[in-house]
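The values are calculated or read from the model by the stated rules, or taken from the named source; none is laboratory data. Since the model is a prediction, treat every value here as computed from it, not as a measurement. Methodologically, a virtual Cβ is constructed for each residue, glycine included, from the backbone with ideal geometry; neighbour enumeration extends over all protein chains shown. Ligands, DNA and RNA are stripped out before the accessible areas are found, and what is left, the full protein with its side chains, is counted by its heavy atoms. Shrake-Rupley method; radii C 1.70, N 1.55, O 1.52, S 1.80 Å.
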Amino acid sequence: QVQLVESGGKLVQAGDSLRLSCAASGSTFSSYVMGWFRQAPGKERELAAVIGRNNGLTYYPASVRGRFTISRDNAKNTVYLEMNRLKPEDTAVYSCAAGGIFPATQPNQYTYWGQGTQVTVSS
């Protein structure tokens, strides 16, 4: 079992930066691929970023590539999502997830999920 708790979401202006954190507990964090997903109102959940077990592999969809950076600190059982040059279309609930086999781009490839944190980007 893995418990995931996200933090860091808030209301920001377009062009701002924001860092989200996801703290994990309950099992061997380093053995999991970690992903950040987001879901905007009325839209399907979509991948924001994914990172392999040892920080060496990352994947981003085109919509965030070059603006978002995922990282992990296995000693702290935490995964981060650094978001730069935020746009109003980045507004969503951001959730972290554990599991999968890299690149694990689909939600059904993950076993454990956090509750999410709201990011709102105003124009």
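With a sphere of radius 14 Å drawn around the Cβ of Pro88, what net charge do the other residues whose Cβ falls strictly inside it have (Lys, Arg +1; Asp, Glu -1)?
For residues surrounding Pro88, the net value is +2.
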Three principal axis lengths of the chain [C-alpha, angstrom, descending]: 40, 27, 23
Total charge of the residues flanking Phe29 in space, meaning their Cβ is under 14 Å from its Cβ, with Lys and Arg +1 and Asp and Glu -1, is +2
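Summarise the accessible area of the chain (1.4 Å probe, protein heavy atoms) by the percent that is carbon and sulfur. Walk me through the numbers before you get to the answer.
Values: 2890 of 6160 Å².
Answer for the chain is 47 percent, counting heavy atoms of protein chains only.
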Once you list every other residue whose beta carbon is under 9 Å from the beta carbon of Asn55, what net charge do they have if Lys and Arg are +1 and Asp and Glu are -1? +1
State, as an integer percentage, the relative contact order of region 25-80 based on alpha-carbon contacts under 8 Å between residues 6 or more apart. 28 percent
Accessible area expressed per residue, region 60-117, with surrounding protein chains retained (probe 1.4 Å, Å²): 47 Å²
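Hey, got the dipole for the chain? About the Cα centre, +1 on K and R Cβ, -1 on D and E Cβ, debye to the nearest 20? The partial results should precede the final answer.
Details: 12 positive and 8 negative charges, 27 e Å.
The dipole magnitude comes to about 120 debye.
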Say the dipole of the chain comes from +1 at the beta carbon of Lys and Arg and -1 at that of Asp and Glu; which of Gly56, Gly42, Ser122 then lies farthest toward its positive end? Gly56
Length-normalised contact order of the chain, Cα under 8 Å, at least 6 apart, in percent, tallies to 36 percent
